[in-house]
Amino acid sequence: MIRLLVDSNILNKDIIELGGEYHHKLLRVLKVRVGDKVELIDGRGTIFETEIYSTSKTTTSLKSINKKFIPKPKTEITLIQAIAKGDRFDFVIQKATELGVSRIAPIITRRTVVKIPKNKEKGKVERWREIARHALEQSGLAWLPEIDEPKSFEDFIRSFKASKLNLFFYEEEKQNSIKEVWPASTPENISILIGPEGGFDPAEAGLATKAGFRSLSLGKTIFRTDTAPLVALSIVQFLTGNLRHPEA
């Protein structure tokens, strides 16, 4: 079924009128017809099942059929990720959204290759948020992750509010794995810290540990900075049960 993320203030009506970019996407890109079913989501858990009622040159009208609410995941996950070069960070945003994170905090470390000029930071963050919106539409999930503005690692650590479980996946860690630190009862929130292409500077690793992060290994393989978060998130989401169908 077609899914579209829309502003919540245009929902909650029997007949929902969509113009502008929504109308263009439905009519010109997706080529919907009267009678087609469309799911409208607000990114905050509400899903409207609708049907195309009529179309004009400027507006698509949808008839609301059913409304349901999907609660937040039992465990909310924050991904703290060093910005990667090229389109790798775009890939991380997309896949982390599909894997159901609640928040993504981009950080700039001492070994981060990418340097974003201040005058381009706002546009970059909006691009990441747009990627997350499209990923949410595709994923079938109902909650859009928050995406923070980039911070230096030191600034992030200074303002960091620890989760119930704080995991730091570090290539220099040779002993501890997630198995050793996973609690008997599933925590309500988890923070996951992933470094840049060259790994964390030892001093940064020390700061992370002092802030309450547990240093962990992902095994013998040293993953790329855009692969490591997907491996870590998949493991954590499996252990929390978040990968189960929300209506199961």
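If you scan region 16-26, which residues turn out to be more than 17 Å from Gln138 (Cβ to Cβ) and either touching a Lys or Arg at 6+ places or on another chain (Cβ under 7 Å) or crowded, with 16+ Cβ neighbours inside 10 Å (or both)?
Across region 16-26, the qualifying residues are Ile16, Glu17, Leu18, His23.
Being within 16 Å of Leu207 (Cα to Cα) and of a type in the set (Gly, Ala, Ser) is true for just one of Ala142, Ala132, Ala82. Which residue is that?
Values: Ala142 fails: within 16 Å of Leu207 (Cα to Cα); Ala132 fails: within 16 Å of Leu207 (Cα to Cα).
Result: Ala82 is the single residue among Ala142, Ala132, Ala82 that is within 16 Å of Leu207 (Cα to Cα) and of a type in the set (Gly, Ala, Ser).
In region 81-90, is there at least one residue being aromatic (Phe, Trp, Tyr), surrounded by fewer than 18 Cβ atoms within 10 Å (Cβ to Cβ), out of contact with any Cys (no Cβ under 6 Å at 6 or more places or on another chain) and not in a loop (DSSP other than H, G, I, E, B)?
First pass over region 81-90, keeping only residues aromatic (Phe, Trp, Tyr): 89.
Filter once more, keeping what is surrounded by fewer than 18 Cβ atoms within 10 Å (Cβ to Cβ): none.
Within region 81-90, not a single residue is aromatic (Phe, Trp, Tyr), surrounded by fewer than 18 Cβ atoms within 10 Å (Cβ to Cβ), out of contact with any Cys (no Cβ under 6 Å at 6 or more places or on another chain) and not in a loop (DSSP other than H, G, I, E, B).
So which of Ile15, Ile2, Ile70, Ile41 ends up being of a type in the set (A, V, I, L, M) and modelled with pLDDT of 95 or more?
Numbers: Ile15 fails: modelled with pLDDT of 95 or more; Ile2 fails: modelled with pLDDT of 95 or more; Ile70 fails: modelled with pLDDT of 95 or more.
Of the residues listed, the single one that is of a type in the set (A, V, I, L, M) and modelled with pLDDT of 95 or more is Ile41.
Quick one: count up the residues across region 204-221 that are exposed (fewer than 12 other Cβ atoms within 10 Å of the Cβ) and in a loop (DSSP other than H, G, I, E, B).
3
Any idea which residue in region 178-199 is modelled with the lowest pLDDT, counting only those that are of a type in the set (S, T, N, Q) and surrounded by 14 or more Cβ atoms within 10 Å (Cβ to Cβ)? Don't jump to the end; show me each part of the working.
Restricting attention to region 178-199, the residues satisfying the condition of being of a type in the set (S, T, N, Q) are 185-186, 189, 191.
Within this subset, residues satisfying the condition of being surrounded by 14 or more Cβ atoms within 10 Å (Cβ to Cβ) are 186, 189, 191.
On the way: Thr186: 92, Asn189: 96, Ser191: 98.
Residue satisfying both the conditions and the ranking: Thr186.
Mind checking which residues of region 27-48 are crowded, with 16+ Cβ neighbours inside 10 Å, closer than 30 Å to Val101 by Cα and touching a strand residue (DSSP E or B) at 6+ places or on another chain (Cβ under 6 Å)?
Matches in region 27-48: Val38, Glu39, Leu40, Ile41, Gly43, Gly45, Thr46, Ile47, Phe48.
Would you check which residues across region 116-148 are within 19 Å of Glu76 (Cα to Cα) and among the acidic types (Asp, Glu) and list them?
Glu146, Asp148 - these are the residues of region 116-148 that are within 19 Å of Glu76 (Cα to Cα) and among the acidic types (Asp, Glu).
For region 136-150, check the following and say yes or no: at least one residue is closer than 26 Å to Glu21 by Cα and touching a Phe, Trp or Tyr at 6+ places or on another chain (Cβ under 7 Å).
The first filter runs over region 136-150 and keeps only residues closer than 26 Å to Glu21 by Cα, leaving 136-149.
From the residues that got through so far, the ones that are touching a Phe, Trp or Tyr at 6+ places or on another chain (Cβ under 7 Å) too are 147.
Yes, some residue in region 136-150 is closer than 26 Å to Glu21 by Cα and touching a Phe, Trp or Tyr at 6+ places or on another chain (Cβ under 7 Å).
Mind checking which residues of region 207-222 are more than 16 Å from Leu167 (Cα to Cα) and either of a type in the set (Val, Ile, Thr) or touching a Phe, Trp or Tyr at 6+ places or on another chain (Cβ under 9 Å) (or both)? Lay out the reasoning, then the answer.
Restricting attention to region 207-222, the residues satisfying the condition of being more than 16 Å from Leu167 (Cα to Cα) are 220-222.
The answer is Thr221, Ile222.
Out of all the residues in region 153-183, which are more than 20 Å from the chain's Cα centre (by Cα) and hydrophobic (A, V, I, L, M, F, W, C)?
The first filter runs over region 153-183 and keeps only residues more than 20 Å from the chain's Cα centre (by Cα), leaving 154-155, 157-159, 170-183.
Scanning region 153-183 gives Ile157, Ile178, Val181, Trp182.
The values are calculated or read from the model by the stated rules, or taken from the named source; none is laboratory data. Values in this document were obtained by computation on a predicted structure and should not be read as measured data. No Cβ is skipped: glycine too gets one built from the backbone with ideal geometry, and neighbour counts run over all protein chains shown.
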